[in-house]
1. Take the range 1-21 and flag every residue that is touching a helix residue (DSSP H, G or I) at 6+ places or on another chain (Cβ under 6 Å) and at pLDDT 90 or above.
2. Six or more apart or on different chains, Cβ atoms under 8 Å: show the pairs whose first residue is in the range 44-58 and in contact (Cβ under 8 Å) with a residue 12 or more places away in the chain and whose second is surrounded by 14 or more Cβ atoms within 10 Å (Cβ to Cβ) and part of a loop (DSSP other than H, G, I, E, B).
3. Tally the residues that are closer than 16 Å to residue 63 by Cα and part of a loop (DSSP other than H, G, I, E, B), restricting the search to the range 20-43.
4. Looking at residue 53, is it surrounded by 14 or more Cβ atoms within 10 Å (Cβ to Cβ) and part of a helix (DSSP H, G or I)?
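The values are calculated or read from the model by the stated rules, or taken from the named source; none is laboratory data. As the structure is a computational prediction, the values presented were derived from the model and not from experiment. Cβ placement follows ideal geometry from the backbone for every residue including glycine, while neighbour counts extend to all protein chains displayed.
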C-alpha cells in the first residue's frame with residue numbers, strides 16, 4: 001500500500017526547500033529563522049525536513065516575511081512517500 005505525504009510547492013519548490021532557500025538568503029540559522037517567524041526550533045526543523053507543514057498562523061507569517069502569497073504556502077500537492085522495508 002502506498003502512503004501519501006502532503007507537500008507544498010512554491011514556485012516549483014517544495015515548502016521545505018523554499019524554507020531553506022529563504023533562510024539562507026537571509027543569512028539566518030535555523031534557530032534564528034524559527035525565532036523570526038515565531039515558531040519553536042523543533043517546529044522549524046520539522047518544516048525544513050518536510051515532516052510537517054506550517055499551520056495557518058505560520059503560513060500567514062511566512063507570507064508576510066517572504067512576500068510569497070499565503071495561498072502558495074498553503075496549497076498542498078500530494079506525492080507518494082517511499083515504502084520502508086518491514
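1. Of the residues in the range 1-21, the ones touching a helix residue (DSSP H, G or I) at 6+ places or on another chain (Cβ under 6 Å) are 8, 10, 16, 19-20.
Residues satisfying the conditions are 19, 20.
2. 47/39; 47/53; 47/54; 54/39; 58/39
3. Within the range 20-43, the first condition is being closer than 16 Å to residue 63 by Cα, and the residues that meet it are 20-23, 25-26, 33-39.
After this cut, where a residue has to be part of a loop (DSSP other than H, G, I, E, B) as well, the list is 26, 38-39.
Selection size over the range 20-43: 3.
4. Criteria not met by residue 53.
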